[in-house]
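Comments concern the structure below.
Each reported figure results from applying straightforward, stated rules to the coordinates on display, with no laboratory input. Here the structure is a predicted model, which is why all the values come from computation and not from measurement. Methodologically, a virtual Cβ is constructed for each residue, glycine included, from the backbone with ideal geometry; neighbour enumeration extends over all protein chains shown.
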Amino acid sequence: MSHKKQKFDLILVFMPAFWLLSTIPAYAYLDPGSGSMILQVLLGGAAALVVILKLYWNRFLSLIGMDRKKRKMQN
Amino acid sequence: MGDFVIYDIFSTIHNRGQAGPHRADLPYGRVEPGPSGQVIPFISYPYEWSFGMLKDAALLLLELVLVALDEDMILKDSSAFNIQWKGAKPIFIDVPSFKKLPPGEPWVGYRQFCQMFLYPLFLLAYKNVSFQPWLRGSIDGIEPEHCNNLMSVRDLLRPGVFMHVYVQTKMQAKYAQTRNDIKGDLHTAGFNKGLIKVNVSRLAKIIRGLTWKCATSQWSDYASDNSYTGTDREIKIGFVRNVVLSRPWNLVWDLGCNSGTFSRIAAEKARYVVAMDADQMSIERFYQALKTEGNTSILPLVSNLADASPNLGWRGLERKALTERGKPDLTLCLALIHHIVISANIPLSEFVDWLVSLGASLVIEFVTKDDPMVKTLLRNKQDNYADYEIKYFEECLGRAFDVVQRKMLTCGTRVLYFAQARI
């Protein structure tokens, strides 16, 4: 892997990581798998960029009431 | 070759449309040329493995995940208990763990892989803290949060720590109470097996790069740093070899095996040898040597007999105690008894009773208080070991065994016995 690509990968991984890390501790009724599953997107390297963007775009759509899945179900 | 077996399994599962039913105790994977139905000679657990054994087991599991992904399949869990050993060769035994990978689904065994393989290896490689007591105390391995608490800021710069420990801990906390359908979200966003492959390949790279840079431990130089002369060593080897060659043995336990000299002699005639030592550096060195040779008849295990593996898990039934996984028909107990009695404070008669309970023939070496090694053990310790005396030892031994042979070494402080259990 070239040095440039490694750098690019690092930026790719760290940017969303910092955004995702603003946490408060949660101790009750732990769902042990969800965080690790999301993390796997960050660990997916360059190919994960599209998935990350789509993931958060879909979340954004959901926030403003334009959830595709819901609309599909309603239709 | 292993690949044939793996693909054979995959085609079977594809044809059935689901995994299993297979017998979980059949060894498949990278070792045997076909699903021959061989049984693992002796079951062992990750808390009895050395660093290199856990590392090689981890790499085998990752390799299997990669091969499975090529077939649009995956392992549904990553339990270290699914790897067993035939000598120094790791064997994956849980064939029903292979399942079809639904499109868009992440690797659900990732967190478990971290807890049971990656974090224990980090613990030894980065912190020089043994993982065995932790794995024995926690059947699910080391939690991300606990591993994270052990890591310093400097450790965050070491390969794998930032993402797999720190970020994972934070993500777990962030999403602990999520109401989102994470799997569904990932699927919709286009998560695919390519991402899993990248993660698995990088994990393998991190693990391959892990080393245990430990200074020589208390025991590791024992083979070259002990109180016997070359002549006594030859006598001892001859004594053990005579016993070993006297008849075929099914399972030999070499207790306190150190560098494994006598395990190797036992393996000349025995079907299988389990070599145990409390010192993990000795076991690590022995394992690396056996691995290089491709040995499949000697299983090296980290085991402190004064505190051997007990029954563990749900109702104490999930993982068996050492003595419930198969008993030997010959036990080698050479230069060990003084450590059990004087270092671990186990009464001599108790230890002999335990040896009796194994129901095996016994080669045992008694090291008297005049021996330099025993003197070292007692140097800064009050001698409360009135029972540690050769006459009393022979009396204890004679109660349950027929002593067939007795040989004093030329040093005059060590005596070898071959004793057969009285039926």
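Here are a few things to note about the model shown:
- Kyte-Doolittle at least -1.0, axis length at least 20 Å by Cα - qualifying DSSP helices, chain B: B:2-16, B:51-70, B:193-208, B:230-245
- Approximate spin-label separation B:V404-B:N345, in nm, with each point projected 7 Å along Cα-to-Cβ: 3.8
- Legend: mean number of C-beta atoms from other chains within 10 angstrom of residue C-beta atoms, peptide B:152-163, equals 1.
- In nm, spacing of pseudo-spin labels at B:Q177 and B:S246 (7 Å Cα→C-beta vector): 6.9
- Average partner coverage of B:100-109, which counts Cβ from other chains inside 10 Å: 2
- Förster radius 56 Å - calculated FRET efficiency between A:W57 and B:R315 (Cβ-Cβ, nearest 0.05): 0.70
- Look at the stretch B:184-196: the mean tally of other chain Cβ atoms within 10 Å of its residues' Cβ atoms is 6.
- In plain terms, the chain from B:R325 to B:T296 could stretch by 8.6 nm, reckoned as 0.36 nm per residue minus the Cα-Cα distance.
- Total lysine pairs whose alpha carbons fall under 29 Å of each other in segment B:230-421 (8 or more apart, or interchain): 22
- Working from Cα pairs under 8 Å separated by at least six residues, relative contact order for chain B is 14 percent.
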